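Data block below; observations after.
The values are calculated or read from the model by the stated rules, or taken from the named source; none is laboratory data. Keep in mind that what you see is a predicted model, and the values were worked out from it rather than measured. Positions of Cβ are generated from backbone atoms using ideal geometry, with glycine treated the same way; all protein chains shown enter the neighbour counts.
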Amino acid sequence: MINLYAVCTIFCIFFLFTYSNRQRQVIATNEFEKLIREYWAVVYRFLLSLCGDAALAEELTSETFYQAYLHIDRFRGECRPETWLCQIAKNALYRENKRTKRAVPWEHADRVAEEAGILEQLVKKEQALEIYRHIHELDDPYKEVFMLRILGELKFKEISAVYGKTESWAKVTFYRAKNKLIELMEDMD
């Protein structure tokens, strides 16, 4: 499999030399490579927690760093770089979801229908969908912190860095989100 981190780095370097005549703040190649090295995993895990698709998360991570390079002059330094990058990543995911309304292809639907234990799969899927619905009922930042912690497997320290808050804020927000989710699930029963 192609290492998208390397591809993104090479692309950004190529872009830097090819389009250096554009009027924007020029960032040294080494500095941008450092930015990619430091925050690639954070952005990837953030996107993976939001979309749940590793391939899409990799693609959007590359898109995030491409957009970050294009708009580096808009970074005002009012927040941490990882916060800025995660916001770009979230916008890239929204654009992607808007562009492609995800649907199951017919050939996959036939294969699933033929498998044994279809009722068990449907019950599990319905339960998972119900949990996801309840997660999306949570207000921000509870929803995103919960998804980053559970789906993105980020540590509280990493979550706090994304939001520019303290680690204890991330812990409290996560536990409040978990308790709200439990309440929502109990209300349905």
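Of all residues in segment 148-167, which are hydrophobic (A, V, I, L, M, F, W, C) and either exposed (fewer than 14 other Cβ atoms within 10 Å of the Cβ) or not in a loop (DSSP other than H, G, I, E, B) (or both)?
Filtering segment 148-167 for residues hydrophobic (A, V, I, L, M, F, W, C) gives 148, 150-151, 154, 156, 159, 161-162.
Those that are hydrophobic (A, V, I, L, M, F, W, C) and either exposed (fewer than 14 other Cβ atoms within 10 Å of the Cβ) or not in a loop (DSSP other than H, G, I, E, B) (or both): 148, 150, 156, 159, 161, 162.
One line per residue, one yes/no per condition, for (1) among the hydrophobic types (A, V, I, L, M, F, W, C); (2) closer than 22 Å to residue 140 by Cβ; (3) modelled with pLDDT under 85:
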{"site": "26", "(1), (2), (3)": "yes, no, yes"}
{"site": "30", "(1), (2), (3)": "no, no, yes"}
{"site": "47", "(1), (2), (3)": "yes, yes, no"}
{"site": "60", "(1), (2), (3)": "yes, yes, no"}
{"site": "71", "(1), (2), (3)": "no, no, yes"}
{"site": "85", "(1), (2), (3)": "yes, yes, no"}
{"site": "92", "(1), (2), (3)": "yes, yes, no"}
{"site": "130", "(1), (2), (3)": "no, yes, yes"}
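Just to check your reading of the model, which residue among 170, 177 is within 15 Å of residue 82 (Cβ to Cβ), modelled with pLDDT of 85 or more, out of contact with any Pro (no Cβ under 8 Å at 6 or more places or on another chain) and surrounded by 20 or more Cβ atoms within 10 Å (Cβ to Cβ)?
On inspection, the qualifying residue turns out to be 170.
Mind checking which pairs have a first residue in segment 61-77 that is farther than 20 Å from residue 93 by Cβ and a second that is surrounded by 15 or more Cβ atoms within 10 Å (Cβ to Cβ), Cβ under 6 Å, 6 or more apart or different chains?
Partner pairs satisfying both residue conditions: 72/27.
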